[in-house]
1. Report the relative contact order of region 43-101, percent, no decimals, based on alpha-carbon pairs under 8 angstrom and at least 6 residues apart.
2. Quick check: residue separation of residue 82 and residue 94 times 0.36 nm, minus the Cα distance between them. What number comes out in nm?
3. Report Rg(Cα)/(2.2 N^0.38 Å) for region 43-101, keeping two decimals.
């Protein structure tokens with residue numbers, strides 16, 4: 001039979017250490033004018049919006065690291081998948097509301 005001190009040490013869970021946040025990149029940053037000057041800002045380097053299956057939106061994290069061919073394929077796949085997911089969300093919202101009079 002083991003001693004009580006051995007039993008408690010085997011039941012303890014190891015603590016997990018959290019890593020530090022990554023250092024800011026040296027990539028140039030863009031400032032956005034949100035005061036409404038009317039000037040358009042293009043955010044193409046962020047990549048396309050992804051419609052998740054639960055209806056939330058996200059972006060592709062490694063978009064800027066993809067080659068042009070990878071970006072084109074991703075846009076093609078995302079375009080059709082986003083349309084299907086949006087249509088499914090609209091259909092489910094309409095069915096939840098019931099028939100219209």
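1. On the way: 36 pairs, mean separation 18.2, N = 59.
With pairs under 8 Å counted, the relative contact order is 31 percent.
2. Details: separation 12, 0.36 × 12 = 4.32 nm, distance 1.82 nm.
Separation in residues times 0.36 nm, less the Cα-Cα distance, equals 2.5 nm.
3. On the way: Rg = 14.8 Å, N = 59, 2.2 N^0.38 = 10.4 Å.
For region 43-101, the normalised Cα radius of gyration is 1.43.
Any read-out appearing in this document is the output of simple, stated calculations on the displayed coordinates, not a laboratory observation. Quantities reported herein were computed from a predicted structural model and do not represent experimental measurements.
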